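Asker: This is the structure I have questions about; it appears just below.
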Amino acid sequence: MGRVFVFEGKRLIPLFILLMLLITVSVYDALFPTTTPAILTGELVHYVNVEQGNLYPQKQLLIFDNLESYVKFLQNNNIALPNHNFDPNNNLAIITMNFQIQSFTRTSDDLGRKVLNVICSEKNAQYKIYIVPKDQQIDQNDVVWNFYDERGRKLEGVRIRVNP
């Protein structure tokens, strides 16, 4: 014998109302964001994206200014050495985990420190390798890194490591 499933319409009405409220709130939030986007001004930092692939670590940004640390990190994480040459005398290698960089802008704050505003988008389980010229002075210890999403909202929880 087959079983018969009977649905009472009046039991589904509260679920339908909750679904409609969820959709309404989502549409409202997309059309009218509650945060004001940050206005980023300053000099653009040029970079080259040379490699990408899949990994599963936490969201972090790794900065390399020497070849030994760079090669060792790639080997330890089973990442093939990119075809693009990394010259530590003239370049920095930046590896992003679980996000990708859209753009850099460089400014200064009120205390005279260099500030790098990084516009990025989330890319789960991915890494990207960027090569940045050193003449743009982003390898200084007094640089303040600010991470923003595409809408200009400040992101938290990005870990920065230099020559891990």
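The values are calculated or read from the model by the stated rules, or taken from the named source; none is laboratory data. Quantities reported herein were computed from a predicted structural model and do not represent experimental measurements. Backbone-built Cβ (ideal geometry, glycine too); neighbour counts: all protein chains shown. For accessibility, only protein heavy atoms count, side chains too; no ligands or nucleic acids. Shrake-Rupley method; radii C 1.70, N 1.55, O 1.52, S 1.80 Å.
Asker: State, as an integer percentage, the relative contact order of the range 46-162 based on alpha-carbon contacts under 8 Å between residues 6 or more apart.
Answerer: Across the range 46-162, relative contact order equals 35 percent.
Asker: Given Lys59/Lys134; Lys114/Lys154; Lys72/Lys123, which pairs have Cα atoms separated by over 22 Å?
Answerer: Values: Lys59/Lys134 24 Å; Lys114/Lys154 18 Å; Lys72/Lys123 24 Å.
Violating the 22 Å limit, Cα to Cα: Lys59/Lys134; Lys72/Lys123.
Asker: If you don't mind, there's one more thing I want to ask. Give me the net charge for the shell around Phe99: Cβ to Cβ below 12 angstrom, other residues only, Lys and Arg +1, Asp and Glu -1. Don't skip to the end; give the middle numbers.
Answerer: Working: positive: Lys59, Lys123, Lys128, Arg159; negative: Glu122, Asp149, Glu150.
In short, +1.
Asker: Please report, as a whole percent, how much of the solvent-accessible surface of the range 46-162 comes from carbon and sulfur atoms (probe radius 1.4 Å).
Answerer: Numbers: 2550 of 6340 Å².
So the carbon and sulfur contribution to the accessible surface is 40 percent.
Asker: Please calculate how many Å² of accessible area the range 46-162 carries per residue, with a 1.4 Å probe and no DNA, RNA or ligand atoms counted. If you can, show how the numbers build up before the last one.
Answerer: Values: 6340 Å² over 117 residues.
Here the residues of the range 46-162 average 54 Å² of exposed surface.
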